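Engineer: Here you go, one structure.
Quick note: the coordinates plus some simple rules give every number you see, no bench work behind them. None of the values given here were measured: they were computed from a predicted structure. Reconstructed Cβ throughout: ideal geometry from the backbone, glycine too, with neighbour counts over all protein chains shown.
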Amino acid sequence: MTQIPADIRYAKSHEWAKLLGDGSVEVGISDHAQGALGDLVFVEVPAVGRTLDAGEACAVVESVKAASDVYSPVAGTVTEVNGELANAPELINSDPYGAGWLFRLRPAAAGALDALLTAADYEAVLQAENA
């Protein structure tokens, strides 16, 4: 069963976004996405300072099966990347909503996450994909 935490927002392209206490947004790929990709062997994250548009391809996750682009769920400037992933990309497989986060950004607009899917909406997207 795919985990879909209720306290974060989702993009139809299977990224998640969590608002942190300092106003920044933490981004990763969903449990569904990591499961579909299989064992991850390489992760490329965006550079700190890079400005992203919502929906812009900005990272790559590569498994033994395929490489897949990761899209920024909201517009903003990258403030931090998860350096642990360079040596341990499998963190995304084992803990996609925790230690497997990809990058953090300062959103370009307040309320940017409001445009993303709720957990219930994302679950409906997954059900439609599997129908």
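Engineer: In debye, nearest 20: dipole of the range 10-108 around its Cα centre with unit charges on the Cβ of K, R (+) and D, E (-)? Mind dumping the intermediate values first?
Structural biologist: Numbers: 6 positive and 14 negative charges, 47 e Å.
The dipole magnitude comes to about 220 debye.
Engineer: Using amide H atoms built 1.01 Å from N in the peptide plane, name the residues 5+ places from THR77, or on other chains, whose amide H lies under 5 Å from its own.
Structural biologist: LEU52, ARG106, ALA108
Engineer: Let me ask something else. Going by C-beta contacts inside 10 Å, put GLU129, GLU15, GLU26, GLU62 in order with the fewest on the left. Please list the in-between numbers first.
Structural biologist: Numbers: GLU129 11, GLU15 23, GLU26 19, GLU62 15.
Sorted ascending by nearby Cβ count, the order is GLU129, GLU62, GLU26, GLU15.
Engineer: Can you give me the Cα centroid spacing of the range 75-131 and the range 1-22 in angstrom?
Structural biologist: Their Cα centres are 6 Å away from one another.
Engineer: Taking only C-alpha pairs under 8 Å that are 6+ residues apart, what is the relative contact order of the range 21-131 in percent?
Structural biologist: Details: 206 pairs, mean separation 33.9, N = 111.
Answer for the range 21-131 is 31 percent.
Engineer: Another one. With 10 angstrom as the radius, rank SER72, SER30, SER63 by how many other C-beta atoms surround their C-beta, starting from the fewest. Write out the running numbers ahead of the final one.
Structural biologist: Values: SER72 27, SER30 23, SER63 18.
Listing SER72, SER30, SER63 from fewest to most nearby Cβ atoms yields SER63, SER30, SER72.
Engineer: Another question, if that's okay. Starting from the Cα gyration tensor of the range 10-108, take the square roots of the eigenvalues, sort them a ≥ b ≥ c, and report rounded, prolate or oblate (rounded when a/c is under 1.5, otherwise prolate if a/b is larger than b/c, else oblate).
Structural biologist: On the way: a/c = 1.62, a/b = 1.54, b/c = 1.05.
Taking the square roots of the gyration eigenvalues as a ≥ b ≥ c, the range 10-108 is prolate.
Engineer: Sum up the charges of everything whose Cβ sits under 15 Å from the Cβ of ASP7, counting Lys and Arg as +1 and Asp and Glu as -1, but leave ASP7 out.
Structural biologist: Details: positive: ARG9, LYS18; negative: GLU26, ASP31, ASP114, ASP121, GLU123.
Overall, the nearby charge balance is -3.
Engineer: Is the range 73-131 best put as rounded, prolate or oblate by its Cα gyration tensor, with a ≥ b ≥ c the root eigenvalues, rounded for a/c under 1.5, and otherwise prolate when a/b is larger than b/c, oblate when not? Each step should come with its number before you reach the end.
Structural biologist: Numbers: a/c = 3.19, a/b = 1.15, b/c = 2.76.
Judged from the Cα gyration tensor, the range 73-131 comes out oblate (a/c at least 1.5, b/c at or above a/b).
Engineer: Per 0.36 nm of contour for each residue apart, how much would the distance between LYS12 and GLU84 grow if the chain were fully extended, relative to their Cα-Cα spacing?
Structural biologist: Details: separation 72, 0.36 × 72 = 25.92 nm, distance 2.61 nm.
Answer, rounded to one decimal: 23.3 nm.
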